[in-house]
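Q: Provided herewith is a single structure, encoded as structure tokens, for subsequent inquiry.
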């Protein structure tokens, strides 16, 4: 079991020993530290919270709320919500910050605190380090007459949907005209509330939802990867649907299934949306360096410039601001539309993708065929306690010293037109190994070779 502290927040497995797992004591400790940090860096004292559909969600919510109130902070609780919805609400409410109670794509035994600043964006590494340092110090709580106020606000589902529907590049008339039939895999979390409601607002009348009970007992591994979406694929074919939509438990990642049950590919969610955005607004793009090079191709086609960033939403957002990107995100199906808000958002992604599909007058399979046919092999190796990852990477770096290399985030090695990226995860005790090539077998062979090198270096 695990407790992980990173720029992606504080996350771990429920139960076990404090300091080693995500226990009530740890939840209080890190919530109090974050609340104290906010009080030290803001004139306000209001925090927005929201949670996904996890089994432990209500428990964690109560602990987090009570801890913040005990610091004299006012809490606006959105209840069952999504990561992008909380991000939007922080700005709308002029809050000092926000906490999203979700472990994103991790299995049901995990939960986490995702920490937001007053802009509704993830705190950066320096701010995160300050919170971690505060967590090791003595925290002062307020007296009874200075406790914070608690408020439930259930209006943001509709506010978020309204924002998507009213976004200038979302064409509801075109979407309605296509009369799409869509199957949604809501993975037993809040996507079951938000995605069907959005599709209805976009004029999609035929929507079938699978895994729609919000109970946190995920029907399959919640990471929206091809191997986990076989049920969605089968349902799309069974019902002769135009496409399938899959999100993760906190609805910030988005991927699609084609009408024949094949995968559109989570890497190509951003590629397709960027293609549409850039056809309307010339500009630059950003994705993390573990994402497909197809985005670079599309960006250049539209006369823009592509920029890579380190992995992690906060890093992508930082780079997007630096280069004034028109669109950005991550190859895991994360779409960031800067003038909507600086956060991965599956809902705006759906609105823009369906508009693009409608305008293209193609089937989703045909649309996918219009993009470069690159293949990414995504693998991981579990890290045992005591493994010195820096030493492992040092050995790999020495072995491939004659290849072009980037060490900004882990180790990215180029092999002519192909590449492999090795890095430790912000959210799990693993090393991720992503490789890309024009040929699937080549990508897989590169990954296997590097996995063997890592095992030998451990």
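Q: Suppose the filter is without any contact (Cβ under 8 Å) to a residue 60 or more places away in the chain, assigned by TED's automatic domain parsing to the domain that holds residue 183 and in contact with a strand residue (DSSP E or B) (Cβ under 9 Å, 6 or more places away or on another chain); does residue 219 pass it? Even if it seems obvious, please write down each step before you answer.
A: Numbers: without any contact (Cβ under 8 Å) to a residue 60 or more places away in the chain: yes; assigned by TED's automatic domain parsing to the domain that holds residue 183: yes; in contact with a strand residue (DSSP E or B) (Cβ under 9 Å, 6 or more places away or on another chain): yes.
Yes.
Q: Which of the numbered conditions does residue 85 fail, given that it passes all the others? Conditions: (1) surrounded by 22 or more Cβ atoms within 10 Å (Cβ to Cβ); (2) within 26 Å of residue 146 (Cβ to Cβ); (3) touching a helix residue (DSSP H, G or I) at 6+ places or on another chain (Cβ under 6 Å).
A: Among (1) surrounded by 22 or more Cβ atoms within 10 Å (Cβ to Cβ); (2) within 26 Å of residue 146 (Cβ to Cβ); (3) touching a helix residue (DSSP H, G or I) at 6+ places or on another chain (Cβ under 6 Å), residue 85 violates only (2).
Residue-wise test of (1) under 18 Å from residue 82 (Cβ atoms); (2) in contact with a helix residue (DSSP H, G or I) (Cβ under 9 Å, 6 or more places away or on another chain).
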| residue | (1), (2) |
| --- | --- |
| 180 | no, yes |
| 188 | yes, no |
| 198 | yes, yes |
| 203 | no, yes |
| 210 | no, yes |
| 267 | no, yes |
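Q: Further question: Identify, from the list 146, 114, the residue that is touching a residue at least 60 places away in the same chain (Cβ under 8 Å) and over 25 Å from residue 4 (Cα atoms).
A: Testing whether each residue is touching a residue at least 60 places away in the same chain (Cβ under 8 Å) and over 25 Å from residue 4 (Cα atoms) leaves just 146.
Q: Is it true that residue 49 is touching a helix residue (DSSP H, G or I) at 6+ places or on another chain (Cβ under 7 Å) and under 30 Å from residue 383 (Cβ atoms)?
A: Working: touching a helix residue (DSSP H, G or I) at 6+ places or on another chain (Cβ under 7 Å): yes; under 30 Å from residue 383 (Cβ atoms): no.
So residue 49 fails the test.
Q: Can I ask one more? Considering the stretch 320-336 alone, what residues qualify as being surrounded by fewer than 24 Cβ atoms within 10 Å (Cβ to Cβ) and touching a residue at least 40 places away in the same chain (Cβ under 8 Å)?
A: The answer is 324, 326.
Q: Right, another one. Go through (1) under 30 Å from residue 384 (Cα atoms); (2) under 19 Å from the mean Cα position of the chain (by Cα); (3) buried (at least 21 other Cβ atoms within 10 Å of the Cβ) for residue 34 and report which single condition fails.
A: Tallying (1) under 30 Å from residue 384 (Cα atoms); (2) under 19 Å from the mean Cα position of the chain (by Cα); (3) buried (at least 21 other Cβ atoms within 10 Å of the Cβ), residue 34 fails exactly one: (2).
Q: Within the stretch 289-321, take every residue that is under 17 Å from residue 6 (Cα atoms) and assigned to a helix (DSSP H, G or I) and give me the one that is nearest to the chain's Cα centre (by Cα).
A: 313
Q: Please go through the stretch 230-259 and pick out each residue that is assigned to a loop (DSSP other than H, G, I, E, B) and under 17 Å from residue 207 (Cα atoms).
A: Scanning the stretch 230-259 gives 239, 240, 241, 242, 258, 259.
Q: Which ones in the stretch 260-280 are assigned to a loop (DSSP other than H, G, I, E, B) and at pLDDT 95 or above?
A: Of all residues in the stretch 260-280, those assigned to a loop (DSSP other than H, G, I, E, B) come to 260-262, 264-266.
Matches in the stretch 260-280: 260, 261, 262, 264.
Q: Mind listing just one residue for me: the one in the stretch 412-422 that is in contact with a helix residue (DSSP H, G or I) (Cβ under 9 Å, 6 or more places away or on another chain) and surrounded by 20 or more Cβ atoms within 10 Å (Cβ to Cβ) and, of those, nearest to residue 107 (Cα to Cα)? Spell out the reasoning first.
A: To start, the set of residues in the stretch 412-422 that are in contact with a helix residue (DSSP H, G or I) (Cβ under 9 Å, 6 or more places away or on another chain) comprises 413, 415, 418-420, 422.
Retained after the next criterion (residues that are surrounded by 20 or more Cβ atoms within 10 Å (Cβ to Cβ)): 413, 419-420, 422.
Values: 413: 30, 419: 29, 420: 26, 422: 23 Å.
Ranking the candidates gives 422 first.
Q: Residue under question is residue 343, and the condition is that it be under 25 Å from residue 418 (Cα atoms) and either at pLDDT 95 or above or surrounded by 24 or more Cβ atoms within 10 Å (Cβ to Cβ) (or both); does it hold? Walk me through it before giving the result.
A: Details: under 25 Å from residue 418 (Cα atoms): no; either at pLDDT 95 or above or surrounded by 24 or more Cβ atoms within 10 Å (Cβ to Cβ) (or both): yes.
Considered against the rule, which asks whether it is under 25 Å from residue 418 (Cα atoms) and either at pLDDT 95 or above or surrounded by 24 or more Cβ atoms within 10 Å (Cβ to Cβ) (or both), residue 343 comes out as no.
Q: Does residue 300 satisfy the condition of being in contact with a strand residue (DSSP E or B) (Cβ under 6 Å, 6 or more places away or on another chain) and either in the same structural domain as residue 274 (by TED's automatic domain parsing) or over 28 Å from residue 161 (Cα atoms) (or both)? Please lay out each step first, then the result.
A: On the way: in contact with a strand residue (DSSP E or B) (Cβ under 6 Å, 6 or more places away or on another chain): no; either in the same structural domain as residue 274 (by TED's automatic domain parsing) or over 28 Å from residue 161 (Cα atoms) (or both): yes.
Against the criterion (in contact with a strand residue (DSSP E or B) (Cβ under 6 Å, 6 or more places away or on another chain) and either in the same structural domain as residue 274 (by TED's automatic domain parsing) or over 28 Å from residue 161 (Cα atoms) (or both)), residue 300 does not qualify.
The values are calculated or read from the model by the stated rules, or taken from the named source; none is laboratory data. Note that the structure is a prediction, hence the values are computed from the model and not measured. When we count neighbours, we look across all protein chains shown, and the Cβ atoms used for this are built from the backbone with ideal geometry, even at glycine.
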